[in-house]
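Novice: Sharing a structure, written as C-alpha cells. Questions coming.
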Amino acid sequence: MMIPRERILFVPANKHEFASRSDKFRTNTVDKFGYKLYPEIIRLKETDMAIQTQQLSASLPRFASLFRSADAKGSAEWQIIQWHGRDPVVVTPDDVIRPEKLTDDEETRPNRFNSRTPALRYSKMHVRRLHPLARETEHWGVWRWSENGTAHYQSVAPIQEHSAARHATVVREQKGEAYSGMARVSAETNRRLREIAAEDNTTLQSVLEAAVKEYYANWFFRRADNAYNVLRQNEQRWSQEMSERKSLDETMLDGIDSDEVWHNDRTVHATQTKAGKCG
C-alpha cells in the first residue's frame, strides 16, 4: 500500500516515544532512522486548519470571512473574544469585546496567541477557571455561561491588526431612531465603548450618548467661563453688565411682603421692622 506524502505520526522502533516528521516517505515498515510507520495518518496542518475553520464558521457564521482570511495568511495571531446577550449565529465582529489581558485566579497574561489551536486551548482553560459551569454546547469552540439571567459567551478570533486612522471602526445607531447615521471612531475607542457597555449591560449607543452629553456640558460651561473672562477684561462692558444686573435686582415683588424673609426650607419670618409694626 502506497503511503501519501502527508505528515505521518512515527513511533521509534525501540522506544515508546512519538515524533512528528515530514519527509519523503517510503513504503518500508521501518525507515533508515529506525522509526516505524504508525498506522494512523495525521493530516497536514492545513487540513486541520480547514476543519477548524469549517467548525468555527458554523458556530460563528458572521466571522467566517475572518477565519478564511487567517487560513490564507497562515501566520495570523489569534485572541479570545467575549460577548453577551446575542446568539453566536448572529453575533458580529463589531459586537464582541477583545480584552487586552486575560486574568483569572492563577495568572494574568496578554490576550495574544501565535495560532488558533493555543487560543482554543487557553479559552477552554480560562473560562473553566472563572466559570466552572460554562459549557461548549451546540456551537463548537464557543463557551456559554449565565450571569444574572444573561447568557455570556467566549470564543476565539484572529487579531485584526490595523491603523486606527486608516481603518476606523464604525459605531452604528440603532434602527428606528428619528435620525439614522454612523460615527467613525478608532479601534481603541470602540473597544472601550464595548467594555463599558458589557459591564453596565447596556448598548453602545447609550454609552456614546452619555459620553457626548457629559462632554457637551463641560464644553458649554467652559465656553461660558471663557466668555466671562473676556468680558471682565473690558472695563466698560463689565460695568454695563454690573449695571444691568443691578437693575434686575429691582424687579417688582408681585405682592410679596418686603418685610418677610423666606428660607430654602419654605419657612418665613418677619423682620424686626414688621414685628415692631405688629406690636
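No value in this document is a laboratory result; all are computed from the given coordinates. Computed from a predicted structure; not experimentally measured. A quick note on method: Cβ atoms are made from the backbone with ideal geometry, for glycine too, and the neighbour counts reach across all protein chains shown.
Novice: By count of other Cβ within 10 Å, fewest leading, how are Asp225, Asp95, Asp265 ordered? Intermediate values should be presented prior to the final figure.
Specialist: Numbers: Asp225 10, Asp95 17, Asp265 6.
Going from least to most buried by this count: Asp265, Asp225, Asp95.
Novice: While we're here: What nm distance separates the two modelled labels at Thr203 and Ala50, each placed 7 Å from Cα along Cα→Cβ?
Specialist: The answer from the label model is 4.3 nm.
Novice: Would you kindly derive the ³J(HN,Hα) couplings of region 115-125 from the backbone phi angles with the Karplus curve 6.51 cos²θ - 1.76 cosθ + 1.60 (θ = phi - 60°), listing them in order in whole Hz, with x for Gly and Pro?
Specialist: Taking θ as phi minus 60°, the curve returns 7, 6, 4, x, 5, 5, 5, 6, 4, 4, 5 Hz for region 115-125.
Novice: What residues qualify as long-range amide H neighbours of Asn111, i.e. H under 5 Å apart, gap of 5 or more or another chain, H built at 1.01 Å from N?
Specialist: Lys101, Leu102
Novice: Sort Ser247, Ser146 so that the residue with the fewest other Cβ atoms within 10 Å of its own Cβ comes first and the one with the most comes last.
Specialist: Ascending Cβ contact count within 10 Å gives the list Ser247, Ser146.
Novice: Arranged by the count of other C-beta atoms within 10 angstrom, fewest first, what order do His263, His131 take? Let's see the in-between values first.
Specialist: Values: His263 8, His131 17.
Fewest-to-most Cβ neighbours within 10 Å comes out as His263, His131.
Novice: Now a separate question. If you plug each phi of region 97-108 into the Karplus form 6.51 cos²θ - 1.76 cosθ + 1.60 with θ = phi - 60°, what whole-Hz ³J(HN,Hα) values come out, in order, with x for Gly and Pro?
Specialist: Each residue's phi maps through the Karplus curve to give 9, 10, x, 6, 10, 10, 10, 9, 5, 10, 6, 10 Hz.
Novice: Residue by residue through region 128-134, what is 3J(HN,Hα) from phi via Karplus (6.51 cos²θ - 1.76 cosθ + 1.60, θ = phi - 60°)? Round to whole Hz and write x for glycine and proline.
Specialist: 6, 5, 8, 9, x, 8, 5
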